[in-house]
Ligand SMILES: Cc1cc2nc3c(=O)[nH]c(=O)nc-3n(C[C@H](O)[C@H](O)[C@H](O)COP(=O)(O)OP(=O)(O)OC[C@H]3O[C@@H](n4cnc5c(N)ncnc54)[C@H](O)[C@@H]3O)c2cc1C
């Protein structure tokens, strides 16, 4: 029997309780979802809604937490997707689903503020998708943008694409809404339980062991965010967590930056490599929020992330504000350190495990996954229902889209393709019998 990886490391670090495991073989689930963050919570919701007997597990003691990748009160949503037109069908579905979930839970989850994509290459990439998918948008000169949004002070040569549909989704509220509705539809939800290991069963099912007990199911969905490599070690080097920081700054003219007047933004500062993104004043935390897409951040250990703010964290954010929206550049009011989980091509990995078809893997971060979580949750649930077949993306999110010629990719593919020690043993036995 093959072990789902990652487990030994986790087990070594587990508390004593982990060693006294009990099984719940009688309660076999149709599916277990590991990680109730953005995508796991949405998947749990769809599975439960369709009548599956489903269990959702999260290591932290609350529904939504401040240690993974989904806290901070706001996530940008937009459709003129610089990351590529292939995302647009999923984006359309997500926008519909925001509304459906709002109706179902009687609360507002999506706030339409408009979105500006400022500077190259953001502008051209967003425009290409908008043109390709015939999405409503406006092309503005820097001067037009500055006039429409007086909080901006862009230099004359910076092009701007404005998309009215862009806005804010509230991550903690959306995760809580998905889990609550899943629960209403009969899902079992357990928080404060860390999954230590999983293993495929001879009957095609899977056993999942937490620091509390062992559960059995026909299918497993792993959506553990920054802990993906611990759950599926073959992904090492492919889904790499990196520290991401955001700051909330006190504007000198607050009324210019209220969410009724100022849009969410993506900004390419010509002097600082990775682009920035940010939000108008919104909700519980006062101030203009800005962060950097940390595409080139060094890898971090998800269990030991530095959560403290340093001058090195805030300096690039301050510089971007000072240069493009100086009236938003005041004292730091709040700060958060979070984690992006980056793939080599900044796209997602949504696939079945190449050696265990009963296991669905979802790493949809790369700094831009939240807005898509309602639709991705639907896709994951559909993959569970239809034996891992993903109709929506075909090749584009699959592990094997990776090219052996790209740095780092060959090693990942090898790990999935190489037989594990137990498999090797079985193969040798078969060979011996045959000879
Ligand atoms: C600072 C920042 C800003 C972002 N801005 C945007 C944005 O504006 N727009 C956008 O669309 N996206 C944005 N993103 C990306 C988005 O937030 C992520 O794509 C999304 O949260 C990833 O969802 P996930 O379900 O994969 O991981 P998470 O939401 O992190 O959930 C993973 C869950 O798995 C649990 N878990 C892990 N290991 C175990 C285990 N062993 N046992 C049990 N449970 C486990 C964790 O506790 C966690 O709750 C941003 C991300 C960051 C960090």
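Just so you know, all these numbers are worked out from the coordinates, no wet-lab data involved. Treat the numbers as computed from the prediction; the structure is a model and nothing was measured. Please note: Cβ atoms are built from the backbone with ideal geometry, for glycine as well, and neighbour counts cover all protein chains shown.
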Handout entry: the chain: most fluctuating residue of 364, 312, 297 per GNM, C-alpha cutoff 10 Å
Key = 312
Fill in the blank from the handout: Rounded to the nearest 10 degrees, the helix 38-49 long axis (Cα) sits at an angle to the longest Cα principal axis of the chain of 60
Practice task
Can you tell me the 0 to 90 degree angle between the C-alpha axis of helix 88-105 and the longest principal axis of the chain, rounded to 10?
Solution key: 90
Handout entry: Per-bin percent of Cα-Cα distances, the chain [20 Å]
Key = 26, 55, 18, 2, 0
Completion exercise
With the 8 Å Cα cutoff and a minimum separation of six or more residues, the chain has a relative contact order in percent of 22
Completion exercise
From fewest to most C-beta neighbours within 10 Å, the residues 67, 289 line up as 67, 289
Problem - the stretch 321-393: relative contact order in percent, alpha carbon pairs under 8 Å with at least 6 residues between - result: 23
Handout entry: 222 nm mean residue ellipticity, helices alone, for the chain (DSSP H n ≥ 4; -39,500 (n - 2.57); rounded to 500)
Key = -8500 deg cm²/dmol
Practice task
In whole Å, largest first, what are the principal axis extents of the Cα atoms in the stretch 105-200?
Solution key: 56, 36, 27
Exercise for the section: Return the single residue from 206, 379, 305 with maximal mean-square fluctuation; model: Gaussian network over the chain, springs between Cα atoms under 10 Å. Expected result: 305
Exercise for the section: Specify, per residue and in Å³, the volume enclosed by the convex hull of the alpha carbon atoms belonging to the stretch 224-282. Expected result: 129
Completion exercise
Tilt, helix 311-324 to longest principal axis of the chain (alpha-carbon atoms), in degrees rounded to tens, equals 40
